[in-house]
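To keep things clear, I will list the structure first and then write my remarks on it.
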């Protein structure tokens, strides 16, 4: 069994006895003896043969290799179809979530702009001689200044994001 397996696997890999012998650092006659069943390789050499032939030792020793049956292929195909469907659903859900996040971000930015327009920066009328009031007023002013400059860019990005994540028909 081992002799036949070495020979058939060697031939399937397109190797001659001489080429296999060179890779294993043995003489060609040794390969010939193994394939004729006149001798057997020791355990270390068996591992080397399996590595060179890229085949498990169990296969060399005669473990039968189960060929995939048509029914098995159908089952695998059905499982892959289910996985693809799940991935598609997950991607659709993720797209919807991002779409609504972009829309919510647009709404929040518009609402904050409206509130700022209505309030007209009331902290500017505060008495800044009190140190605590001055610090809080400067903080409000810095936040408003940053918001007014960054929000339009974020708003445009959110509109583009909402447009790109909309449901395509």
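What value does the stretch 53-169 have for Rg/Rh, both radii from Cα atoms and Rh as Kirkwood defines it?
Rounded to two decimals, Rg/Rh equals 1.48.
Treat each spin label as a single point 7 Å out from the Cα along the C-beta direction, and report the residue 120 to residue 95 distance in nm.
Those two pseudo-labels are separated by 4.8 nm.
Modelling each spin label as a point 7 Å along the Cα-to-Cβ direction, I'd like the residue 83/residue 103 distance in nm, to one decimal.
3.4
Could you give the nm distance between label points at residue 135 and residue 167, where each point is 7 Å from its Cα heading toward the beta carbon?
Once both label points are built, they end up 5.2 nm from each other.
Taking only Cα atoms, what is the 0 to 90° angle, nearest 10, from helix 131-164's long axis to the longest principal axis of the chain?
For helix 131-164, the angle is close to 50 degrees.
Rounded to the nearest 10 degrees, what's the angle between the helix 43-52 long axis and the longest principal axis of the chain, both from Cα atoms, 0 to 90?
Once rounded, one gets 60 degrees.
Hey, can you rank 4-12, 122-130, 51-59 by average C-beta count inside 10 Å, highest first?
The most tightly packed comes first, giving 4-12, 51-59, 122-130.
Kirkwood Rh, Cα Rg: Rg to Rh for the stretch 2-60?
So for the stretch 2-60, dividing Rg by the Kirkwood Rh gives 0.89.
Assuming 0.36 nm per residue, please report the length gained on full extension of the stretch residue 72 to residue 2 beyond their Cα-Cα distance.
Full extension of this stretch gives 22.3 nm more.
Relative to the first principal axis of the alpha-carbon coordinates of the chain, what is the inclination of helix 70-119, with its axis defined by its Cα atoms, in degrees from 0 to 90 and to the nearest 10?
20
Before rounding to the nearest 500, sum -39500 (n - 2.57) across all DSSP H runs of length at least 4 in the chain and divide by the residue total; then give [θ] at 222 nm in deg cm²/dmol.
-25000 deg cm²/dmol
Each value in this text was obtained by applying a stated rule to the coordinates, not by laboratory testing. This is a predicted model, so every value here is computed, not measured. Here Cβ is always computed from backbone atoms with ideal geometry, including for glycine, and neighbour counts include all displayed protein chains.
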